[in-house]
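Structure, as structure tokens:
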Amino acid sequence: MSHIQDIYQVDFNHPVHVYFIGIGGISMSGLAEILLSEGFTVSGSDWNRSPLTDRLEQQGAVIHYGRPQKAENLEDDVKLVIYTAAVHADNPEFQETLRRKLPSLTRAQLLGQMMKNYRMPVAVSGTHGKTTTTSMIAEILLKADTDPTISVGGILKDIGGNIRVGGSELFVTEACEYTNSFLSFFPKVGIILNIEEDHMDFFKDLADIRSSFHRFAELIPEDGLLIINGAIPQLSEITDGLVCRVVTFGASPENDYYFTDTSHDEEAHASFSLHFHGQVLPVRLGVPGEHNIANAAAALALADYLNLDMAQAAESLHGFSGTDRRFEYKGSLSGVTIIDDYAHHPTEIQATLKAAANYPHKTLWCVFQPHTYTRTKAFFHEFAHALSHADRVILADIYAARETDTLGISSALLCQEIVKLGTDCHYFSSFEEIEKFILENCIPGDLLITMGAGNVVNIGEDLLGQ
């Protein structure tokens with residue numbers, strides 16, 4: 001929708017009035033907060049008030065509420081309009097932007113433009129693990145007193161939200177491949193955690209996704225660095241022809257940063273030894289799962305590049321207890337432990353359930369809410385196999401998100417597929433039925449994980465609230 005041929009350049013030395021269409025979103029509000037801190041005039045609109053909009057108003061933003069949004073909300077002195085993928089061409093505020101020929105940027109383009117105003121912009125990409133790894137990096141940088149600016153896709157307890165505005169040259173953000181949005185970025189350091197099939201409503205196939213990640217890596221300048229998982233298949237396809245320095249991490253000794261001696265304590269927290277430049281660094285994590293060992297290795301490789309004290313960096317990771325909805329302990333109900341997790345892709349589900357296997361329990365229950373019909377259809381058999389790592393599975397209806405076509409797919413069909421694999425599985429069409437079934441069937445010592453990117457978290461919270 002962007003109608004300006006030459007992309008608008010955001011300059012922190014010349015603050016202007018910026019208008020956000022949909023300012024209350026988790027990432028939009030964070031970007032608005034950074035601009036406010038840099039002296040920009042910020043206004044915008046959203047359908048409803050929220051803690052995020054309240055916070056912006058306290059910092060001086062002017063916000064218009066209600067729907068539909070109105071053309072007259074755009075003040076006369078607005079110089080730049082920011083919008084998200086959710087804004088349709090017929091939105092009155094967007095129409096007004098076009099009528100006045102105002103420069104406009106997508107959320108991703110604004111984030112890319114902001115990066116240019118920092119000496120050390122770091123972009124964390126990958127199909128899985130972006131939020132956790134960005135949060136681990138945040139933990140390391142905060143403990144090292146580097147005063148970074150951080151934009152993360154979840155709520156991080158240590159920064160009290162999804163954004164931290166710092167005063168240094170360091171800027172760390174998640175970089176999402178969906179709709180190729182990370183190709184609008186200007187990273188000095190790029191991290192690629194893994195590359196797998198996902199977002200098949202946008203990408204054609206895995207080759208299309210790999211091509212997108214290769215183009216992301218090409219954005220890193222000659223004096224920059226790519227930190228990449230050495231276990232990615234046909235790695236050279238991603239790294240060939242890059243002008244920047246490339247370092248790898250992983251379990252095999254061929255990597256620049258490799259880990260050995262992995263073990264888990266009684267709460268499934270992982271420990272390992274990290275090898276690099278002939279040194280060995282012992283690392284104890286405060287989060288569970290093999291997948292988090294790789295995430296931690298990537299974060300520590302960045303710490304090394306930034307010349308931080310590596311022993312202190314490792315110690316910071318021991319204090320990191322995760323972000324909201326990442327193997328998050330919610331509470332205990334009559335001796336049943338309730339954990340919540342955002343996993344919504346087969347690889348993430350398998351990683352979470354394998355981590356849970358190291359956690360003390362009698363029976364491992366997984367209450368899963370599939371996210372989008374396209375993803376459920378694309379990975380139908382993979383979902384069934386991943387979920388069969390639980391002892392007993394309960395399925396909720398598919399969370400449609402932005403979709404309307406069911407593509408002939410349903411949780412009832414997925415349930416039949418899981419039963420075929422020999423795993424006990426039940427499907428219920430309402431959260432009430434699921435909660436009733438849990439209360440009747442879970443016993444003390446069981447571990448119950450609510451899982452998915454939708455609103456399945458409400459099930460555990462409802463149970464604990466009873």
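The values are calculated or read from the model by the stated rules, or taken from the named source; none is laboratory data. Because the structure is a prediction, the values reported are computed rather than measured. Counting neighbours? That spans all protein chains shown, and the Cβs are built from the backbone with ideal geometry, glycine included. For the accessible areas, the whole protein counts, side chains as well, though only heavy atoms, and no ligand, DNA or RNA atoms are used. Shrake-Rupley method; radii C 1.70, N 1.55, O 1.52, S 1.80 Å.
Here are a few things to note about the model shown:
- Test result for Glu433, more than 23 Å from Ile398 (Cβ to Cβ), at pLDDT 95 or above and open to solvent by 10 Å² or more (accessible area, probe 1.4 Å): no
- Search result, residues across region 390-407 that are part of a loop (DSSP other than H, G, I, E, B) and modelled with pLDDT of 95 or more: Ala390, Asp391, Ala396, Asp397, Ile398
- Region 195-204 - residue that is surrounded by fewer than 21 Cβ atoms within 10 Å (Cβ to Cβ) and on the phi < 0 side of the Ramachandran plot and, of those, modelled with the lowest pLDDT: Met200
- Whether a residue is in contact (Cβ under 8 Å) with a residue 40 or more places away in the chain and farther than 21 Å from Glu348 by Cα was assessed, and Leu156 does not pass this test.
- Restricted to region 110-127, and to residues there that are under 19 Å from Gly167 (Cβ atoms) and in a loop (DSSP other than H, G, I, E, B), the residue that is most open to solvent (accessible area, probe 1.4 Å) is Arg119.
- Just one of the listed residues (Ile228, Ile220) is touching a strand residue (DSSP E or B) at 6+ places or on another chain (Cβ under 9 Å), within 28 Å of Ala356 (Cα to Cα) and buried (at least 21 other Cβ atoms within 10 Å of the Cβ), namely Ile228.
- Residues in region 15-37 that are open to solvent by 10 Å² or more (accessible area, probe 1.4 Å), of a type outside the set (Val, Ile, Thr) and at pLDDT 95 or above: 3 in all.
- When restricted to residues that are under 23 Å from Ala401 (Cβ atoms), open to solvent by 70 Å² or more (accessible area, probe 1.4 Å) and among the hydrophobic types (A, V, I, L, M, F, W, C), region 436-466 contains 0.
- Members of region 56-96 found to be touching a residue at least 60 places away in the same chain (Cβ under 8 Å) and open to solvent by less than 50 Å² (accessible area, probe 1.4 Å), listed by number: Val78, Leu80, Val81, Ile82, Tyr83, Thr84, Val87, Asn91, Glu93, Phe94
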